[in-house]
2 protein chains.
Amino acid sequence: MSKFEAHNLDLDQIPQVVHARLTRFLDARADEVASIGGPVSDAVDYLRNFVLNGGKRIRPLYVWAGFVAAHDRNNSLESIEAVLDAAASLEFIQACALIHDDIIDSSDTRRGFPTVHRAVETFHAENNMEGDSGHFGEAVAILAGDMALVWAEDMLQDSGLSAEALHRARDAWRGMRTEVIGGQLLDIYLEAQASESVELANAVNRFKTAAYTIERPLHLGASIGGADDELIDALRSYGHDIGIAFQLRDDLLGVFGDPTITGKPAGDDIREGKRTVLLALALKSADDDNPEAAATIRASVGKVTDPSEIVRIAELIRATGAEEKVEQKITELTASGLAHLEIDSIPQDIREQLRSLAIRATERRM
Amino acid sequence: MSKFEAHNLDLDQIPQVVHARLTRFLDARADEVASIGGPVSDAVDYLRNFVLNGGKRIRPLYVWAGFVAAHDRNNSLESIEAVLDAAASLEFIQACALIHDDIIDSSDTRRGFPTVHRAVETFHAENNMEGDSGHFGEAVAILAGDMALVWAEDMLQDSGLSAEALHRARDAWRGMRTEVIGGQLLDIYLEAQASESVELANAVNRFKTAAYTIERPLHLGASIGGADDELIDALRSYGHDIGIAFQLRDDLLGVFGDPTITGKPAGDDIREGKRTVLLALALKSADDDNPEAAATIRASVGKVTDPSEIVRIAELIRATGAEEKVEQKITELTASGLAHLEIDSIPQDIREQLRSLAIRATERRM
């Protein structure tokens, strides 16, 4: 991958730099935490391990890309360390989102390790502590997630960004947090309502994934860099389209993905009962063309656990033609997302970077 | 109660003003929430009702007192609406703390109404929704608490305070949030460990109650008002002492309180197994003087449910002399707390207000 002009920081280096900034932040809070009481340090260590073993750092990466896209033209006076801290702070929001989601989804593992609530549950049980181990695990995980959320705010506010940059960042920051929590609320309501609405499934993709993962991080970085409205609109539109395409790809993989490549059981979304656009489209088609298949899919999603049954439901979904419709949508969104980058103010090398990130997000097999 | 000099806003009016500011904030977010999806508005309504039916507004009240204490001397240029929004924002932190605590404590009611997770559970069950009603209730309550936490940040950051005031507010704001979450983590660890440490029980009182409820709100308001270090130190020291005394009073009421006055079952803390300073002192004394009583208390706290048994354990605790020790501590802390106010820079009327708040907090019977 080619180098970014600014500061010789290559996009590929961002994950490593983010790790270093997060480590620095966590180290700086350690004494304060320990002064509250030894057990608090133990609890916060779960958060520390979670954050430092974190994934692909995709949100900080988009913050950086947004900043560099704006920065090249405006000669931002912000300190690079401050911008990187602002970018890294999104990993704490993500930590809260995942730690709390893992409670909500009753997940046992995350990134190959026990989820926080399960790890604490095990600690409780192994030490014969008072009360119910499962409940204690969830309690500590709820609070560890809360701590992550307030530390995200602290890492941004104390980053060293100028007051002007912090002010410019407000729209993106405010929108992003309400959207991801709102999107997650919508997601669990749709599941509980066994919703078949394409529109609401689209809204989950838009707010829980696209806005939170790509659109708002780009918006945040570009705002910090002092971007004008035209550039912000272009980057947000790209983020909206590519973000939704990214989630649609995820939905296809959740039903048809190869478990040896995805690392998840085949048809995981069918077992979980996720109310995806794919499922809503499949039910719509089947109602018209094959009511018996529609009835079988309806009765099975969120209820079947037998792998061969799950494969059968996946085949019924495929036979409705919904898979092609979603593939078509991904193609369209990728094209429209990339078209938004065709404005003069986006430097050619940034456009190339964003293009390759988009391809990576929408064509992946895992 | 006498009027504050500044802006003719009496302390007694603060709860009403806070209610109006919170209503205004919630109204302003309603469209954004609805645009994510109808069910999100339903979920956020639980938060809205919780916040607007909220209690005594003690934290905003202390923010205001801190601001006025500083303001009278410095002629702050901050807008009064902005200061009131900053004060009111603490009610969202409190909403998160209580909604999440109610999950952690498995509480069914709060302020005479069903807790958020129970209300959502009932809604789920009555509408025959998919999945487990109890689990859904907790999931929505976790996310509603998260929303409250990010909205606290938004209400402060978008209050209209000057960049300088926001910057001055950082120490108090950063400290307060980490301390209350850390204090709550410590509390649940001590319960799970059946801790008998007086020191750690003191730390819970200090961070979960004193810092969060009095010390940091005063610090926040004074910082916004541009207070100097001497005034901030005096107010924080008052808040530290009065806040701990307040919690010690709460601990006494939790074991010896009259249920017809407190509104809670007699000896609630004994049944819950709270690891209070009172309990730690009682066990310490009993170990020396009455090992049999010590063994009975140890075996019963957090385990007995029978009311007559609970009364018997309360009497055993009283017989250790721990009650007098705690009363003595309350008297000392109230005196030392009030003594911190004896500096010239605190206006006489503010000193009187803070004195009457302190008496109300430490001499109450409910």
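The values are calculated or read from the model by the stated rules, or taken from the named source; none is laboratory data. Predicted, not measured: the structure shown is a model, and the values here were computed from it. Note that each Cβ is placed from the backbone with ideal geometry, even for glycine, and that neighbours are counted across all protein chains shown. Surface areas here come from the heavy atoms of the whole protein model, side chains and all, with no ligands, DNA or RNA. Shrake-Rupley method; radii C 1.70, N 1.55, O 1.52, S 1.80 Å.
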Subject >> Test for A:Val255: is it within 9 Å of chain B (Cβ to nearest Cβ), touching a residue at least 24 places away in the same chain (Cβ under 8 Å) and surrounded by 22 or more Cβ atoms within 10 Å (Cβ to Cβ) >> reply: no
Original post:
Could you say whether any residue in the range A:145-159 is more than 24 Å from the chain's Cα centre (by Cα), of a type in the set (A, V, I, L, M) and buried (at least 16 other Cβ atoms within 10 Å of the Cβ)?
Top reply: no
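State all residues of the range B:125-146 that are in contact with a Leu (Cβ under 6 Å, 6 or more places away or on another chain) and at the interface with chain A (Cβ under 7 Å from one of its Cβ atoms); if no residue qualifies, say none.
Start the filter on the range B:125-146 by keeping residues that are in contact with a Leu (Cβ under 6 Å, 6 or more places away or on another chain), which leaves B:143-144.
Across the range B:125-146, the qualifying residue is only B:Leu143.
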Original post:
Could you say which residue among B:Gly175, B:Gly182 is crowded, with 24+ Cβ neighbours inside 10 Å and in contact with a helix residue (DSSP H, G or I) (Cβ under 7 Å, 6 or more places away or on another chain)?
Top reply: B:Gly182
Subject >> Where a residue in the range B:183-208 is within 7 Å of chain A (Cβ to nearest Cβ) and its partner, wherever it lies, is of a type in the set (Ser, Thr, Tyr), with Cβ under 7 Å and at least six apart >> reply: B:Gly183/B:Tyr212
Original post:
Which one of these does B:Asp229 not meet: (1) touching a helix residue (DSSP H, G or I) at 6+ places or on another chain (Cβ under 9 Å); (2) free of Cβ contacts under 8 Å to residues at least 24 places away in the same chain; (3) not basic (Lys, Arg)?
Top reply: (1)
**OP:** For residues that are assigned to a helix (DSSP H, G or I) and open to solvent by 20 Å² or more (accessible area, probe 1.4 Å), tally how many sit in the range B:189-204.
**Re:** 5
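Going by the structure shown, is A:Leu220 more than 9 Å from chain B (Cβ to nearest Cβ), closer than 22 Å to A:Gln247 by Cβ and open to solvent by less than 10 Å² (accessible area, probe 1.4 Å)?
Taking the combined requirement at face value, the residue satisfies it.
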Original post:
Does B:Ala139 satisfy the condition of being closer than 23 Å to B:Arg48 by Cα and either out of contact with any strand residue (DSSP E or B) (no Cβ under 6 Å at 6 or more places or on another chain) or open to solvent by less than 30 Å² (accessible area, probe 1.4 Å) (or both)?
Top reply: yes
**OP:** Could you identify the single residue in A:Thr296, A:Thr305 that is without any contact (Cβ under 8 Å) to a residue 24 or more places away in the chain and either on the phi > 0 side of the Ramachandran plot or surrounded by fewer than 19 Cβ atoms within 10 Å (Cβ to Cβ) (or both)?
**Re:** A:Thr296
**OP:** Select from the range A:227-259 the residues that are of a type in the set (S, T, N, Q) and at pLDDT below 95 and list them in ascending order.
**Re:** none
**OP:** List the helices (runs of 4 or more DSSP H) that sit entirely inside the range B:10-85 and contain at least 2 residues that are among the acidic types (Asp, Glu).
**Re:** B:14-36, B:38-52
**OP:** Starting from residues that are of a type outside the set (S, T, N, Q) and facing chain A (nearest Cβ under 7 Å), keep the ones in the range B:168-182 and report whichever is farthest from B:Ala86 (Cα to Cα).
**Re:** B:Gly182
Subject >> Matching residues in the range B:339-356 - criterion: being open to solvent by less than 20 Å² (accessible area, probe 1.4 Å) and in a helix (DSSP H, G or I) >> reply: B:Ile350, B:Gln353, B:Leu354
**OP:** Give the residues of the range A:97-119 that are under 27 Å from A:Val18 (Cα atoms), out of contact with any Asp or Glu (no Cβ under 7 Å at 6 or more places or on another chain) and within 12 Å of chain B (Cβ to nearest Cβ), sorted by residue number.
**Re:** A:Ala97, A:Ile99, A:Asp101, A:Asp102
Original post:
Only one residue in A:Leu156, A:Leu161 is more than 9 Å from every other protein chain (Cβ to nearest Cβ), in contact (Cβ under 8 Å) with a residue 24 or more places away in the chain, part of a loop (DSSP other than H, G, I, E, B) and not small (Gly, Ala, Ser), so which one is that?
Top reply: A:Leu161
**OP:** Please state which of the following conditions B:Thr122 fails to meet, knowing it meets all the rest: (1) over 25 Å from A:Ala28 (Cα atoms); (2) at the interface with chain A (Cβ under 10 Å from one of its Cβ atoms); (3) open to solvent by 20 Å² or more (accessible area, probe 1.4 Å).
**Re:** (2)
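Applying the selection to the range B:37-67, what residues are β-branched (Val, Ile, Thr) and open to solvent by 20 Å² or more (accessible area, probe 1.4 Å)?
Listed by number, the list holds a single entry, B:Ile58.
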